Amino acid sequence: MRLVATAALVLALARPAAAADSCVDCHKQLDNPVQVEGMKADVHTKAGLSCAGCHGGDPTDPDVSAMDEAKGFVGKPGAARIPALCGGCHGDESYMRRFNPNLPTDQLAQYDTSVHGRRLAGGDAKVATCVSCHGVHGILPPNDARSPVHPANVAKTCAHCHADATYMADYHVPTDQFLKYQRSVHGWMLLVQLDTSAPTCNDCHGNHGAFPPGATSVDAVCGQCHPVNRDFFVASPHKAAFDRQGLPECVVCHGNHGVLRTNDDMLGTGDVSVCVGCHRADSKGWAAAGQMRGAIDRLRGAIDGAQQAVMRANAAGMEVSEAEFSLQGAREALVQARNQVHTSDAAAVEKVVGAGADTAAAVERTAQAALVELASRRWLAILPLAMIAIVAGLLYWKVRTLDSNPASAAPSAERKEDR
Amino acid sequence: MPFLSAWLEQRLPVRALRDFLAHKQVPARQHAIWYYFGGAALFLYLVQVATGVLLLLYYRPAPESAFESVRFIVAHVPFGWLIRSVHAWAANLMVATVFGHLFSVFFLKAYRSPRELTWMSGCLLLALTMAFGFSGYLLPWNELAFFATKVGTDIVGAAPLVGDTIRFVLRGGEDVTGATLTRFFGFHVALLPLVTTLLLLGHLLLVQVHGVSEPIGGATRGRRIPFYPHFMLRELIVWLGMLAVLVGLATFLPWELGHKADPFAPAPQGIRPEWYFTFMSQTLKYLPPTILGFEGEHVGILAFGVIAVLLFVAPLLDRRAGRGVPSPLVSAAGAVLLVFMLAMTLLAYVKPY
């Protein structure tokens, strides 16, 4: 009985030994074991894949014969083979479903349509392939902040090639995109404010299917995040005019990689206005630009005036918080008016401005009324204060009269004994 | 009128009261400003009761409605701004006046026998006045009050052994929440007024029983004046002066309401408790983390507790004053305490960190 129990315990404690992998066993003893070390964190290793998944061969063979081509060994795949190699699994829906049913499987198809894919198909081995962006031997999921394709790192990953003037010399494209992007409002949001909802390279160009957006599709690209402005622009006379001239829509006024935070000086007929670049001084467009800018300046002035009045009332201790809250409506109208500018319809801008200016004026009236009331309270307070002063003066006169009459004071002999 | 007087006389001891007033006398002094602090504090307490009752008509003690109800009082109720502002200013003036009353009585040694109980009840009334201020400050549920209450209850929580329990009971939980607001409201409008009124009646009764004290050394040289009308008219002038100050402050410097408290917002910079607690919070800031192996804050709070107890039993400790002999050492100790409190309060505003 004791023998049976001992045997059962031994069997229970015995675990199957980890499957031997001759790739790992040999390569970790080589001078550069980085591949083996890097694979420990690799998303593929965690999914149960091994070196042979990409490189082929027989990992159960402990000898050098494991790397026999007869056993499917492919060695280090060249750039031209990499997309197909990765796509072999990542394009197989039934296979990928085992790991992540939500993972797209069209990366290879998209890549083939990209500038990178097309040039690779044409024999250009310098272009980016899967490993250029995702890395190799240590690939991390995109939502890992250490991954080169994490939103915060994408721009730097793209810049690795696109900001290298020597590397890009053969392609005759600019190499200052990353520099411009860093200075742009999008770059500031993402790289400084660490707001990962801010756009980076792939949000406009696509990732696997990376391609420069055509002039007529810029509004669709920007409209992903700025749909209201896009809708206003598409319905405006500018859309047809830009399309006719092949102008890249939003980019004409806002720029692309170096898009800056907008300001009201971009509108109107001033020196730094973007309108005057196309519209002549005697044109309808010039007049509309000036009218829209005037309307927006008027609303901004009305809001500033109301805000000043509210601040004065607050500083004086008057309760005007409800009016202050209402001012938010005027500020929203200002945002809407700035959006309406994309319609190029001065009347539409005036309509929104009018509503906002009415709200701001009402707030200013309330704040001014509070200040007037404060002044009237102070004037009215003089009356009771004067009455108090008169009564106190009369009482003081009475006290002096009493004090001057010795008969009214009690003699010390009659006093109650105090200590 | 004689008929009305006779009618009242049959029902109330009007003649006895009149005789009492006619014969009541108080010491006559040329510079007797110190004698008016008690009466001024009483006047401000009556103002607080009157304005507090009026505020109660509109105030709603809940986190979602307290601030809004006070805003409604200030913005929409006729003369609501005046009532609320007078209530806030009178609260601060009352604390200052009661402190002034305490120190004037202390330095004039008016606490000496047989007025020990008058002094002790007065000390308790000072504590109750500060409790009134502390509980009332939170009621508008604005940003400053919310975080100042956090700081204030943290000071209480630093008391050794029982601090955590008292803080928990005061807050109605681990943190300042709606539960704190409702219980502070209960303290402010029910418990504290009841206890204060009873104690105040006892305090005033003792003042009538023992009369007004004369300073040691007989500065008045035995000269006295009738309470009515001589002293009463002077008192009335002081009360009218207080009323004028209140109306002036409420009108020319209306008490701000600020912004509604947001428990999830970070505390504004430079937050501090009400001015009459700052001498304590500022002192605690200067203490090292440990003193003789004990937590610095615990030692500080314990020291304040000991000082409060010593002040409370001062008539029993000051034997010289009890014999009618000047006691300069006790006066010097009081002066050191007063200067320390004033310096710490000043530092809290001039150099808070």
Open item on the list: Please go through the range B:260-279 and give me each residue that is touching a Phe, Trp or Tyr at 6+ places or on another chain (Cβ under 6 Å) and either open to solvent by 20 Å² or more (accessible area, probe 1.4 Å) or more than 14 Å from chain A (Cβ to nearest Cβ) (or both), ordered by number.
Closed with: B:K260, B:A267, B:I271, B:E274
Open item on the list: I'd like to know if the range A:210-233 contains one or more residues that are among the acidic types (D, E) and under 14 Å from the mean Cα position of the chain (by Cα).
Closed with: no
- [ ] Select, from A:P199, A:P174, the only residue that is surrounded by fewer than 16 Cβ atoms within 10 Å (Cβ to Cβ), modelled with pLDDT of 90 or more and farther than 19 Å from A:L267 by Cβ.
- [x] A:P174
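May I ask you to say which residue of A:R300, A:R378, A:R312 is within 13 Å of chain B (Cβ to nearest Cβ) and of a type in the set (K, R)?
Going through A:R300, A:R378, A:R312 in turn, just one is within 13 Å of chain B (Cβ to nearest Cβ) and of a type in the set (K, R): A:R378.
Out of curiosity, is B:T251 crowded, with 17+ Cβ neighbours inside 10 Å, at the interface with chain A (Cβ under 10 Å from one of its Cβ atoms) and closer than 30 Å to A:A313 by Cβ?
Details: crowded, with 17+ Cβ neighbours inside 10 Å: yes; at the interface with chain A (Cβ under 10 Å from one of its Cβ atoms): yes; closer than 30 Å to A:A313 by Cβ: yes.
When the stated conditions are applied, B:T251 passes them.
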- [ ] Test each condition in (1) under 30 Å from B:S69 (Cβ atoms); (2) open to solvent by less than 30 Å² (accessible area, probe 1.4 Å); (3) in a helix (DSSP H, G or I); (4) facing chain A (nearest Cβ under 9 Å) for B:L257 and report the one that comes out false.
- [x] (3)
Open item on the list: Restricting to the range B:262-304, count the residues that are within 30 Å of B:W141 (Cβ to Cβ) and part of a helix (DSSP H, G or I).
Closed with: 15
Open item on the list: From the list B:A50, B:A16, exactly one residue is more than 14 Å from chain A (Cβ to nearest Cβ), over 30 Å from B:T182 (Cβ atoms) and open to solvent by 50 Å² or more (accessible area, probe 1.4 Å). Which is it?
Closed with: B:A16
TODO: Might you let me know whether the range A:318-327 holds any residue that is farther than 22 Å from A:D265 by Cα, open to solvent by less than 30 Å² (accessible area, probe 1.4 Å) and in a loop (DSSP other than H, G, I, E, B)?
DONE: yes
Task: Single residue of A:P227, A:P213 found to be buried (at least 17 other Cβ atoms within 10 Å of the Cβ) and outside the structural domain of A:T105 (by TED's automatic domain parsing) - done: A:P213
TODO: Kindly indicate whether any position in the range A:82-100 is over 27 Å from the mean Cα position of the chain (by Cα), surrounded by fewer than 17 Cβ atoms within 10 Å (Cβ to Cβ) and hydroxyl-bearing (S, T, Y).
DONE: yes
Open item on the list: So A:L194 passes all but one of these: (1) farther than 28 Å from A:V127 by Cα; (2) at pLDDT below 95; (3) in contact with a helix residue (DSSP H, G or I) (Cβ under 9 Å, 6 or more places away or on another chain); (4) not in a loop (DSSP other than H, G, I, E, B). Which condition number does it fail?
Closed with: (4)
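Report yes if some residue within the range B:95-104 is touching a His at 6+ places or on another chain (Cβ under 7 Å) and either surrounded by 20 or more Cβ atoms within 10 Å (Cβ to Cβ) or not in a helix (DSSP H, G or I) (or both); otherwise report no.
no
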- [ ] Output the qualifying pairs, or none if there are none: Cβ atoms under 7 angstrom, residues six or more apart or on different chains, first residue in the range A:21-47 and basic (K, R), second residue buried (at least 17 other Cβ atoms within 10 Å of the Cβ) and at pLDDT below 80.
- [x] A:K28/A:V36
Open item on the list: If I filter the range B:148-169 for residues that are aromatic (F, W, Y), more than 23 Å from the chain's Cα centre (by Cα) and part of a helix (DSSP H, G or I), do I get at least one hit?
Closed with: yes
Open item on the list: Any residue at all in the range B:210-219 that's part of a helix (DSSP H, G or I), open to solvent by 60 Å² or more (accessible area, probe 1.4 Å) and more than 10 Å from chain A (Cβ to nearest Cβ)?
Closed with: no
Open item on the list: For the range B:228-238, give me each residue that is of a type in the set (A, V, I, L, M, F, W, C), open to solvent by less than 60 Å² (accessible area, probe 1.4 Å) and more than 7 Å from chain A (Cβ to nearest Cβ).
Closed with: B:F231, B:V238
TODO: Evaluate the following for B:V86: is it within 14 Å of chain A (Cβ to nearest Cβ) and in contact (Cβ under 8 Å) with a residue 60 or more places away in the chain?
DONE: yes
Open item on the list: Suppose we keep only residues that are part of a helix (DSSP H, G or I) and touching a residue at least 60 places away in the same chain (Cβ under 8 Å) within the range B:170-185. Which one would you say is farthest from B:S135 (Cα to Cα)?
Closed with: B:G178
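Find the residue count for the range B:312-330, including only residues that are open to solvent by 30 Å² or more (accessible area, probe 1.4 Å) and assigned to a helix (DSSP H, G or I).
At the first step, the residues of the range B:312-330 found to be open to solvent by 30 Å² or more (accessible area, probe 1.4 Å) are B:312-313, B:316-317, B:319-320, B:323-326, B:328-330.
Within this subset, residues satisfying the condition of being assigned to a helix (DSSP H, G or I) are B:312, B:316-317, B:319-320, B:328-330.
Within the range B:312-330, residues that are open to solvent by 30 Å² or more (accessible area, probe 1.4 Å) and assigned to a helix (DSSP H, G or I) number 8.
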TODO: Output the number of the condition that B:Y111 fails; it satisfies all remaining conditions of (1) surrounded by 20 or more Cβ atoms within 10 Å (Cβ to Cβ); (2) over 30 Å from B:S213 (Cα atoms); (3) among the aromatic types (F, W, Y).
DONE: (2)
TODO: Among the numbered conditions (1) surrounded by fewer than 13 Cβ atoms within 10 Å (Cβ to Cβ); (2) among the hydroxyl-bearing types (S, T, Y); (3) farther than 28 Å from A:C130 by Cα, tell me where A:T166 comes up short.
DONE: (3)
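The values are calculated or read from the model by the stated rules, or taken from the named source; none is laboratory data. This is a predicted model, so every value here is computed, not measured. For neighbour counting, all protein chains shown are included, and Cβ atoms are generated from backbone atoms with ideal geometry for every residue, glycine included. Ligands, DNA and RNA are excluded from the accessible area calculation, which covers all protein heavy atoms including side chains. Shrake-Rupley method; radii C 1.70, N 1.55, O 1.52, S 1.80 Å.
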